[in-house]
Structure formats: structure tokens, C-alpha cells
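Colleague: Please find one structure pasted underneath; my questions will follow.
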Amino acid sequence: MRRLSFAIAIATSTFASPAAAQFPPPGIYPCTDATGHALGTLSLLVAGDYQWQAADGSSSTGQVASAASDIEALTGPLADAHWHGSFATDAGRTSFAFETDAGAVTCALP
């Protein structure tokens, strides 16, 4: 019985580890290309939903998924453009580094 309890404790801690469950904080993140040109604003909502507000004013929605610090667009216009990358939070400030069909994109609070 003791071995079974230990095995359950290990399995539970593996699946509930913060690294595996980490998700970027919701917020409104301005995005730029590699030259610093404004592309639009990425609004991350709860449960992986996002809203993309392009620089031309058009707006659309989709979903992202994350595992540890990796993030990937699953649906919507960002998925169509193959946005995938990573995020990091340092001193309470989160930034994203994406690779896309059009090149590198950075999204971060100013």
C-alpha cells in the first residue's frame, strides 16, 4: 500500500508541476517585427483565447497553447501564419519571441 501511495504522489506531482502547467499571463501586448515596425496588438485572454488587432485596425480571434515556456497559435490568423515561439517573465514583465511565416515577431509591454 505504501508503494502505491508513493507512486500516486510522484505521478500527481509530475502532472501538476508548475513548469508543465505554466501559461503566459493575460494581457495586451504590442507586437513588432524584427525591424521594430508595429504589426498589431496581441490580447491574451484566459484559457488560451486571443484577440489579434492588426495595425490596419482589423480584428480577429483564435487560440494558443503553451507548455512550459513554449507557445504556439492553434487557430485563427496567427495559426495561419504559423506563429510559434516562447515567452519569458522577468521582474513581472512578460515578453514573447515568435517565429512566423513573415519572420521574427516580438510582443511585449512597453
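The values are calculated or read from the model by the stated rules, or taken from the named source; none is laboratory data. For clarity, every value in this text was computed on a predicted model and none was experimentally measured. Ideal geometry is used to build each Cβ from the backbone, glycine not excepted, and the neighbour counts take in all protein chains shown.
Colleague: Taking only pairs six or more apart or across chains, which ones have beta-carbon atoms under 8 Å, a first residue in segment 14-34 that is of a type in the set (S, T, Y), and a second residue that is at pLDDT 50 or above and not in a strand (DSSP E or B)?
Modeller: Every condition considered, the pairs that remain are Y29/L109.
Colleague: Separate question: Which of the residues belonging to segment 11-30 are in a helix (DSSP H, G or I), among the hydrophobic types (A, V, I, L, M, F, W, C) and either exposed (fewer than 10 other Cβ atoms within 10 Å of the Cβ) or modelled with pLDDT of 95 or more (or both)? Steps first, please.
Modeller: At the first step, the residues of segment 11-30 found to be in a helix (DSSP H, G or I) are 11-15, 18-21.
Still in the running and among the hydrophobic types (A, V, I, L, M, F, W, C): 11, 15, 19-21.
Residues satisfying the conditions are F15, A19.
Colleague: Give segment 31-44 a look and list any residue that's in a strand (DSSP E or B) and either surrounded by 15 or more Cβ atoms within 10 Å (Cβ to Cβ) or not acidic (D, E) (or both), or say none.
Modeller: First pass over segment 31-44, keeping only residues in a strand (DSSP E or B): 31-33, 38-44.
Matches in segment 31-44: C31, T32, A38, L39, G40, T41, L42, S43, L44.
Colleague: Can you tell me how many residues within segment 45-75 are on the phi > 0 side of the Ramachandran plot and either part of a loop (DSSP other than H, G, I, E, B) or aromatic (F, W, Y) (or both)?
Modeller: Counting residues in segment 45-75 that are on the phi > 0 side of the Ramachandran plot and either part of a loop (DSSP other than H, G, I, E, B) or aromatic (F, W, Y) (or both) gives 2.
Colleague: For residues that are more than 11 Å from the chain's Cα centre (by Cα), part of a strand (DSSP E or B) and of a type outside the set (G, A, S), scanning just segment 76-110, find the one that is farthest from T41 (Cα to Cα). Even if it seems obvious, please write down each step before you answer.
Modeller: Taking segment 76-110 and keeping what is more than 11 Å from the chain's Cα centre (by Cα), we get 76-82, 89-93, 99-106, 108-110.
Okay, now just the ones that are also part of a strand (DSSP E or B), so 89-90, 93, 99-100, 103-106, 108.
Adding the requirement that they be of a type outside the set (G, A, S) leaves 89-90, 93, 99-100, 105-106.
On the way: T89: 18, D90: 20, R93: 16, E99: 16, T100: 15, V105: 11, T106: 11 Å.
Among them, the one singled out is D90.
Colleague: List the pairs whose first member sits in segment 58-86 and is within 14 Å of E99 (Cα to Cα), whose second member is among the acidic types (D, E) and part of a helix (DSSP H, G or I), and whose Cβ atoms are under 9 Å apart, counting only residues at least 6 apart or on separate chains?
Modeller: A73/D80
Colleague: Sticking with this structure for a sec: Restricted to segment 75-101, and to residues that are aliphatic (A, V, I, L, M) and surrounded by fewer than 13 Cβ atoms within 10 Å (Cβ to Cβ), which residue is nearest to L39 (Cα to Cα)? Don't jump to the end; show me each part of the working.
Modeller: Within segment 75-101, the subset aliphatic (A, V, I, L, M) is 78-79, 81, 88, 91, 97.
Imposing the further condition that a residue be surrounded by fewer than 13 Cβ atoms within 10 Å (Cβ to Cβ) reduces the set to 88, 91.
On the way: A88: 20, A91: 25 Å.
By that ranking, first place goes to A88.
Colleague: Could I ask something else about it? Across segment 38-60, what is the number of residues that are over 17 Å from L109 (Cβ atoms) and out of contact with any helix residue (DSSP H, G or I) (no Cβ under 6 Å at 6 or more places or on another chain)? Let's see the steps before the verdict.
Modeller: Residues of segment 38-60 that are over 17 Å from L109 (Cβ atoms), as a first pass: 46-49, 54-60.
Next, from what is left, pick out any that are out of contact with any helix residue (DSSP H, G or I) (no Cβ under 6 Å at 6 or more places or on another chain): 46-49, 54-59.
The number of residues fulfilling the criteria is 10.
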